[in-house]
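To keep things clear, I will list the structure first and then write my remarks on it.
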Amino acid sequence: MANKHVNAIVIGAGAGGGVVAKELSMAGLTVVLMERGRWQTFDEHGDDELTSQRTFPLKCGYGPDNGRNWRMAPDGIGGWTRVFPNDWRYGNNAACVGSGTVSYGAMAWRFQPVDFQLKTKYGSIPGTTLEDWPLTYDELEPYYEKAEYELGVAGDPTTDPFVPPRKHPYPMPAFSYNREGMILEKAARNLGLHPFPIPMLRNSVPYNGRPACIHMRTCVGYACPVNAKAGTQNTVIPVALKTGNCELRINCMVSEILIDEKGRAKGIKYFDSENKLHEQTSDLVVLSASATETARLLLNSKSKLFPNGAGNNQGWVGKNLQDHAYTGAYGLFEGEVYDDVGPGACIAVNDFNHRFPDIVGGGVLCNEFIRMPYQFAGIRPNGSRMWGIEHKAFQKKNFKRHIAIHGPVQEMPTFDRKVEIDPAVKDFWGIPVLRIGGMRHENDINVAHFLSDKAEKWLKEAGAISTWKSIPGRESGASQHQAGTCRMGNDPKTSVTNKFGQLHEIDNVFIADGSLHVNNGGYNPVLTILSLGFWVGNHIASQWKGTKMK
Amino acid sequence: MNHYFTKFELALISIFMSAHTFTRREFARLVTGGTAAVLISFNTACKNKISLWRYLNEEEISILDAIAEQIIPTDDFPGGKWANVSNFIDKQLTSYYKSHQVDYRGGMAAFQKSVFDGSKKKFEEHSFAEQKAVLEKMEAGELTGEYWKEHSSKSFFELLRQHCLQGFYGSPLHGGNREYVSYRMLGLDYPNIIY
């Protein structure tokens, strides 16, 4: 039986898609929300480290599965090799209702105003495609606030002089520091830094019908057993479903956007849970499948007017892939610093973003989420023996006596860092798979050295008896912070969408995920993705009233 | 030849099991090693070695036990062997790590052959210090023999090291980390307390 025509198809029930589905269905549009994964709960996974979304040697518990999904990554000798979701080189984002917002660490950062105008600030950087966003911080600010209030953010910016301007306080009070946080706060002040509690999409007090956080040690990489962590799966998606206008279709893999002879989208093709191929027609399509899969879907949707993929006549779809080159330092302490109060990450400094004349960009520095036992077995100073009695002695001595400070380097976009379609390899459903390639720009490594040095100084001031840095290499991938592959811009020749996430080339196709980011900031990107969901959703809803997208 | 238990034997086993919680290892020894003569007397087929392991054979398990003990040695806390690291690996080889079956079957035999050819002793018969020296060679990619011309002993060591650590530190539901020994070692309360 053919599917009933709807107003909007939203592809991907993650941060961006969950929000858009809610905005559109509240505005009265009929919506089908497509999700390749399914609902997930804490009870299925418990605190199992080997199948978490953080360390996943056995599998990515929250998807996607190794049985049907793979990609191609550089093999190190000039060719390509097949990689599966639980390989770091795959660059996975969770595939389930809520996607990454089910199992994330839930840091709720706004980008800085200057992050939207990097080219204006730094000029042209050779080897990069650095550009200003077509959107300013001030335009996005009300939507940041909407995301903070509708999902729920706990924070207190009063001790952060570099906080992006905001009109109202956070809806919930900040979390207090754990033992590490208290040690680090004092040290930061001694150094003249400005520490403050990390804003979190996690309830510090009961909020929106969900209880307060119970401080699990397994938080990042795991679902919350009490739903204290806000994701789209326990906030906006249930609201969308309650309108009666939105149908959530899970276990469905979208393979193509259908383009008609006039060059407009008329719907999608997808495989259902039994791998049967279906069509769904609509007036408009919103892609929110992540920076890798959104680009893949566009590139795989070839038609007469778009022989290189939908909206890709200028060849910018899939380019400018960004992520975060995480960097920082570890410190070992004489006494115990661990108090088992999860999730661990609680304190940050904004002192190292855009404030140093010799440094392009920067990043926030935070104490790290709790390192679970298997993950900790991989954390050692360079040259350490990784097995035997030395391994065991280090585990026993230092598990409760170490602190990690990390931060996401704001990466430079380049045209050569990209995703593209492999010419031969197809996945389980027969859909051509992605190749992920390209090197980080050298500026990313410069900034990593700068930031890790600051992290190390902070740890030493806190009393660390020995420290070592962690510096990323130029080999790149696309982790959960993947962004930039369909960037927005005013010039259709050097961008994929306009400032409202609408494809320059196809006016009834929109994007609402990290693909839009012109730059990925020096922060975890999820709050920006959520707010872009509200921004794009609000624009579509207001346009719909007049034109019905005809 | 496979041995199938009779209903009577199964009933007997279940009585044993209800009186005492056996680990997989103890149970395997019980029915294969002849500790429980009462069982064996019921069926002469038990004289054939029955492997109750899922994929690995007794020979491979014996090497793996020794390797696990090298990767995570016993000190004031139990080591990799007691923690059932071999059971973890055997279990994964029939599920998540099916694709590594061929690495283990080929690698374990070639590893043992390299050791035996050099010393006329099996790996597990060597002293702890000698075993350690062998693994250090392997970690450096210096094992000799036909097999290792085509395969990297360094990569196989890294695979074994990772899998042993996973078995020791991962959740017991995957077959290792017996009684959450590694969590106790690190001073983590278990179960993860919800308060």
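Bear in mind these aren't lab numbers, they're just calculated from the coordinates by the rules spelled out. Keep in mind the model is a prediction, meaning the values are calculated, not measured. Here Cβ is always computed from backbone atoms with ideal geometry, including for glycine, and neighbour counts include all displayed protein chains.
Some notes on this structure:
- Under the span-like rule (Cα at least 15 Å along the axis, Kyte-Doolittle mean at least 0.5), DSSP H helices of chain A: A:15-26, A:526-547
- Length released on extending from A:Thr158 to A:Val425, taking residue separation times 0.36 nm less the Cα-Cα span: 90.9 nm
- Note on B:Ser99/A:Lys269: beta-carbon distance plugged into 1/(1 + (r/R0)^6) with R0 of 35 Å gives a FRET efficiency of 0.65.
- Measuring r between the beta carbons of A:Asp138 and A:Lys548 and using R0 = 35 Å, the FRET efficiency lands at 0.70.
- Sequence-separation-based contact order of segment B:58-186, relative, with Cα cut under 8 Å and 6+ spacing, percent: 33
- Taken along the Cα-to-beta-carbon direction at a fixed 7 Å, the label points for A:Ser466 and A:Asp65 span 4.6 nm.
- Each Cα pair under 8 Å and six or more residues apart adds its separation to the average, and for chain A the resulting relative contact order is 22 percent.
- The mean sequence separation of alpha-carbon pairs under 8 Å and at least six residues apart, normalised by the residue count of segment A:152-257, gives a relative contact order of 25 percent.
- If you bin all the Cα-Cα distances of segment A:314-404 at 5 Å, starting from zero, the percentages per bin are 2, 10, 17, 18, 14, 12, 11, 7, 4, 2, 1, 0.
- Ratio Rg/Rh [Cα only; Rh per Kirkwood] for the protein assembly as shown: 1.00
- Sites listed here are GluC sites (Glu not before Pro) in segment A:400-461 whose DSSP assignment is loop and whose Cβ has at most 14 other Cβ atoms within 10 Å, and the list is empty.
- Per DSSP, loop trypsin sites (Lys or Arg not before Pro) in segment A:226-305 with at most 15 further Cβ within 10 Å: A:Lys262, A:Lys276, A:Lys304
- For trypsin sites (Lys or Arg not before Pro), the sites in segment B:51-141 that DSSP calls loop and that have at most 13 other Cβ atoms within 10 Å are B:Lys120, B:Lys121.
- Debye-formula intensities of segment B:58-186, expressed as log10 I(q)/I(0) at q = 0.13, 0.21 Å⁻¹, are -0.50, -1.24 (one equal scatterer per alpha-carbon, no solvent).
- Likely footprinting exposure, A:Val83, A:Val526, A:Val536, fewest C-beta neighbours within 10 Å first: A:Val83, A:Val526, A:Val536
- From phi via Karplus (6.51, -1.76, 1.60), per-residue ³J(HN,Hα) for segment A:151-168 in Hz, x at Gly/Pro: 8, x, 10, 9, x, 8, x, 5, 9, 10, x, 9, 5, x, x, 9, 8, 10
- Restraint check, A:Lys276/A:Lys426; A:Lys392/A:Lys454; A:Lys119/A:Lys319; A:Lys242/A:Lys499, Cα-Cα greater than 21 Å: A:Lys392/A:Lys454; A:Lys242/A:Lys499
- Relative to the Cα centre, the charge distribution of the protein assembly as shown, modelled as +1 at Lys and Arg Cβ and -1 at Asp and Glu Cβ, gives a dipole magnitude of about 840 debye.
- Spread of Cα-to-Cα distances over 5 Å intervals beginning at zero, given as percent, for segment A:120-266: 2, 7, 11, 12, 13, 14, 14, 11, 8, 4, 2, 1, 0, 0
- Between A:His5 and A:Leu277, full extension at 0.36 nm per residue minus the direct alpha carbon distance yields a gain of 96.3 nm.
- Cβ-to-Cβ counts within 10 Å put B:His174, A:His449 in ascending order as A:His449, B:His174, the fewest first.
- Local charge for A:Gly12 was computed over the other residues whose Cβ lies under 9 Å away, with Lys and Arg +1 and Asp and Glu -1, and equals -2.
- Basic side chains Lys and Arg get +1 at the Cβ, acidic Asp and Glu get -1 at the Cβ, and with that the dipole of segment B:58-186 about its Cα centre reaches some 200 debye.
- Taking every DSSP helix (H) stretch of at least 4 residues in the protein assembly as shown, weighting each as -39,500 (n - 2.57) and dividing the sum by the residue count yields a mean residue ellipticity at 222 nm of -9000 deg cm²/dmol.
- Förster-model FRET efficiency, 45 Å R0, A:Met439 and A:Asp260, C-beta, rounded to 0.05: 0.70
- Entries in A:Lys302/B:Lys98; A:Lys167/A:Lys545; A:Lys396/B:Lys137; A:Lys302/A:Lys548; A:Lys400/B:Lys81 that, when Cα-Cα distance is taken, lie over 32 Å: A:Lys302/B:Lys98
- For chain A, the longest site-free run once chymotrypsin sites (Phe, Trp or Tyr not before Pro) in DSSP loop states with at most 16 other Cβ atoms within 10 Å are removed: A:163-414
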